[in-house]
Amino acid sequence: MMFTVIEFMKTLHTLKGERPLMNGYYSRKLHSLLGIIPLGAFFVEHLLTNYQAFERGKEGFDSAVNFLNSMPLVFFLELFLIWLPLLYHGVYGLYIAYQAKNNVGHYNYSRNIRFTLQRITGVLTFVFVIWHMYDTRFQVAIGQITHEQLGGVMHEMVTNPLIFALYVIGIISASFHFTNGLWAFMVSWGITVGPRAQRISSYICMGLFVIMSVMFIMALTAFRGSEFQEVSAIGEVIQTVLS
Amino acid sequence: MAETTASSKNVKFIITRQDSPESKSYTEDFEVPYRPGMNVISALMEIQRNPNNAQGQTTAPVCWEANCLEEVCGACSMVINGKPRQACAALVDKLEQPIKIEPMKTFPVVRDLVIDRTRMFNALKKVKAWIPIDGTYDLGPGPRMPEKRRQWAYELSKCMTCGVCLEACPNVNEKTDFIGPAALSQVRLFNAHPTGEMNKEDRLETLMEDGGIEGCGNSQNCVRSCPKGIPLTTSIAELNKDTTKHLFKRWLGV
């Protein structure tokens, strides 16, 4: 799997050398922008929806899911604000990660460690998002489950300790990647220029990382509650999804 | 008396060597008699005088480059105990032994510790790191530069193209065409000059191409490594702001 990814990246790299599809400046700028708007914004929204499971239980979570699905043109919102940006940001991000010659061994400065972590968490988040989307949104798309059953699917999954642990890793990776990416976004677009501005914004972003991770884990724990357990026959469906 | 006791001590070196640009690198150990206040360059000079390795075999003297010997020319940059720096300013008393010396492999190695920094000078040409003052007639005196700005710009002008920031940067390597922090900061320097400012957009546009400012990944190793203390990351962020502004101006046709 990793080998194929590296080979793919190499092909992308040589393709870029021969005839660039897009000027590197614009493609990198687009990558940076999409990471915050819309992907970062959606990520925060996703956290708030999940957090309803912790705050108001199954009822709160279901009403938040219903609210999202009642939005006009929801398919196009998903397509243009989530799936396409996710595809671009993910694939181009893998290419960026492939290009770096990580050197934390010789330069163990905090910013350099975060540079490497940004790339590691990016790859982890990429894998996690594919897995998570397959189990949830994709199953809805092929008609295996409905939006109302998503809470039950999550319950089935996170009551398994291994899946719970993997989800915690995925959530922490995604939260770090987003918050540290927000810090880098502010540098890359010339919002935080001087060392003091960059230091203060890093405190804010790392604080946000902790808050988001904790809130996500609280939501995840809430899904373990028995109220999310589905009594109907969808248990079988979930079994097939999981296997 | 003190000198006789001092000379009985030896300083150990492990030097990464390479006989030609294409050949493989290897390490060779050396022992050099200690002298008070010695630096890596004086140790390399000693090896040149007595080209014997630690095993006592005569070997080809180690090649290196040096010029000013006071950390202003950048010629003797090499990786000393894992960090790129100038050998002339690397005092043996302050280094852990054995002292490991390698060439800055981000650049093509010519021989032993000699590297080819041509890419840095090409980068300066690419970003037009100069102020055009020639015309077909006398253009007269340029605008005055405020003293305060001159003092600030002087800090940026200390760059000696030594290559340490490129060596430390994780995004300068064979897989990217990133121009590197040094040339970026020079754009800020020449754009700050009242006459240089007249060609500001030209320089910004060279940074908005492949391998330009997009190559920066904010690891900020450059600013931590720069021997001249140049605020490289502030320069990069400032240019991020300038290129972003220029991008929108160009799109909107302002």
Subject >> Shape of the range B:159-234, Cα gyration tensor, a/c cut at 1.5 >> reply: oblate
Original post:
So what J values fall out for the range B:218-225 if you push phi through Karplus, 6.51 cos²θ - 1.76 cosθ + 1.60 with θ = phi - 60°, rounded to Hz, Gly and Pro as x?
Top reply: 6, 6, 6, 5, 4, 5, 6, 9
Original post:
Pick from A:37, A:217, A:200: which is most flexible by mean-square fluctuation in a GNM of chain A where alpha carbon atoms under 10 Å apart are linked?
Top reply: A:200
**OP:** With a probe of 1.4 Å, find how much accessible area chain A has per residue, and write the answer as a whole number in Å².
**Re:** 52 Å²
Subject >> Residues with amide H under 5 Å from that of residue B:66, placed H, sequence gap 5 or more >> reply: none
Subject >> Value of relative contact order over the range B:118-252, rounded to a whole percent, pairs C-alpha under 8 Å and six or more apart >> reply: 30 percent
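Past the 23 angstrom mark, what percentage of all C-alpha to C-alpha distances in chain B do you count?
Of the Cα pairs, 57 percent sit more than 23 Å apart.
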Original post:
Once you treat every alpha carbon in the range B:2-115 as an equal point and sum by Debye, what is log10 I(q)/I(0) at q = 0.16, 0.17, 0.18, 0.22 Å⁻¹?
Top reply: -0.69, -0.79, -0.88, -1.32
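About the Cα centre, and with charges only on the beta carbon of Lys, Arg (+1) and Asp, Glu (-1), how big is the dipole of the protein assembly as shown? Nearest 20 debye, please.
Values: 47 positive and 44 negative charges, 268 e Å.
Computed charge dipole of the protein assembly as shown: roughly 1280 debye.
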Original post:
What is the interface area between chains A and B, defined as buried accessible area summed over both chains with a 1.4 Å probe, reported in Å² to the nearest 100?
Top reply: 3100 Å²
Original post:
With every protein chain present, what is the per residue accessible area of chain B (1.4 Å probe, Å²)?
Top reply: 50 Å²
Original post:
Which residues' amide hydrogens lie under 5 Å from the amide hydrogen of residue B:77, considering only partners 5 or more residues apart or on another chain, with H built in the peptide plane?
Top reply: B:87
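Give me Rg/Rg_expected for chain A, where Rg uses Cα atoms only and Rg_expected = 2.2 N^0.38 Å with N residues. Before the final figure, lay out the partial values.
Numbers: Rg = 19.3 Å, N = 243, 2.2 N^0.38 = 17.7 Å.
For chain A, the normalised Cα radius of gyration comes out at 1.09.
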Subject >> Lys/Arg +1, Asp/Glu -1 at C-beta; the protein assembly as shown dipole; positive extreme among A:155, B:234, B:44 >> reply: B:44
**OP:** Would you kindly derive the ³J(HN,Hα) couplings of the range B:129-142 from the backbone phi angles with the Karplus curve 6.51 cos²θ - 1.76 cosθ + 1.60 (θ = phi - 60°), listing them in order in whole Hz, with x for Gly and Pro?
**Re:** 7, 7, 10, x, 10, 8, x, 7, 9, 5, 7, x, x, x
Subject >> ³J(HN,Hα) computed for each position of the range A:174-189 - Karplus, 6.51 cos²θ - 1.76 cosθ + 1.60, integer Hz, glycine/proline x >> reply: 5, 5, 5, 4, 6, 6, 5, x, 5, 4, 5, 4, 5, 6, 5, 9
**OP:** Quantify how strongly other chains surround peptide A:109-121 by giving the mean number of their Cβ atoms within 10 Å of each of its Cβ atoms.
**Re:** 3
Subject >> Net dipole in debye of the range B:2-115 [+1 Lys, Arg Cβ; -1 Asp, Glu Cβ; about Cα centre; nearest 20] >> reply: 160 debye
**OP:** With springs only between Cα atoms under 10 Å apart, run a GNM on chain A and tell me which of A:213, A:201, A:110 wobbles the most.
**Re:** A:110
**OP:** Enumerate the whole-percent occupancy of each 10 Å bin, from 0 to the last occupied one, for all C-alpha pair distances of the range A:133-228.
**Re:** 15, 33, 26, 17, 8, 0
**OP:** Could you list which residues have their amide H under 5 Å from that of residue B:99, counting only those 5 or more apart in sequence or on another chain, with H placed in the peptide plane?
**Re:** B:12, B:13, B:14
Original post:
Roughly how many percent of the accessible protein surface of chain A is carbon and sulfur, given a 1.4 Å probe and a whole-percent answer?
Top reply: 72 percent
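Which value, in debye to the nearest 20, describes the size of the charge dipole of the range B:118-252 about its Cα centre when Lys and Arg Cβ atoms bear +1, Asp and Glu Cβ atoms bear -1, and nothing else is charged?
For this selection, approximately 380 debye.
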Original post:
What trypsin sites (Lys or Arg not before Pro) in the range B:152-225 are in a loop by DSSP, with at most 15 other Cβ atoms within 10 Å of the Cβ?
Top reply: B:158, B:175
**OP:** Can you find, among B:186, B:218, B:152, the residue farthest towards the positive end of the dipole of the range B:118-252? Put +1 on the C-beta of Lys and Arg, -1 on that of Asp and Glu.
**Re:** B:152
Original post:
Roughly how many Å is it from the Cα centre of the range B:154-233 to that of the range A:19-77, as a whole number?
Top reply: 35 Å
**OP:** May I ask for the equivalent-ellipsoid semi-axes of the protein assembly as shown, computed as the square root of five times each C-alpha gyration tensor eigenvalue and listed largest first in whole Å?
**Re:** 51, 31, 20
Original post:
Picking from A:73, A:150, A:81, which is most flexible by a Gaussian network model of chain A using Cα springs under 10 Å?
Top reply: A:73
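So if the hydrodynamic radius of the range B:118-252 is defined as the Kirkwood radius over C-alpha pairs, what does Stokes-Einstein give as its diffusion coefficient at 20 °C and 1.002 mPa s, in µm² per second?
For the chosen part, D equals 138 µm²/s.
Roughly how large, in nm² to one decimal, is the mean projection of the convex hull of the alpha-carbon atoms in the range B:123-191?
The orientation-averaged projected area of the Cα hull of the range B:123-191 comes to 6.1 nm².
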**OP:** Determine the distance separating the Cα centre of the range B:9-55 from the Cα centre of the range A:94-137; give it in Å without decimals.
**Re:** 40 Å
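The values are calculated or read from the model by the stated rules, or taken from the named source; none is laboratory data. Computed from a predicted structure; not experimentally measured. Using ideal geometry, Cβ is built from the backbone for each residue, glycine included, and neighbour counts are taken over all protein chains shown. Side chains are part of the model used for accessible areas, which takes the heavy atoms of the whole protein and leaves out ligands, DNA and RNA. Shrake-Rupley method; radii C 1.70, N 1.55, O 1.52, S 1.80 Å.
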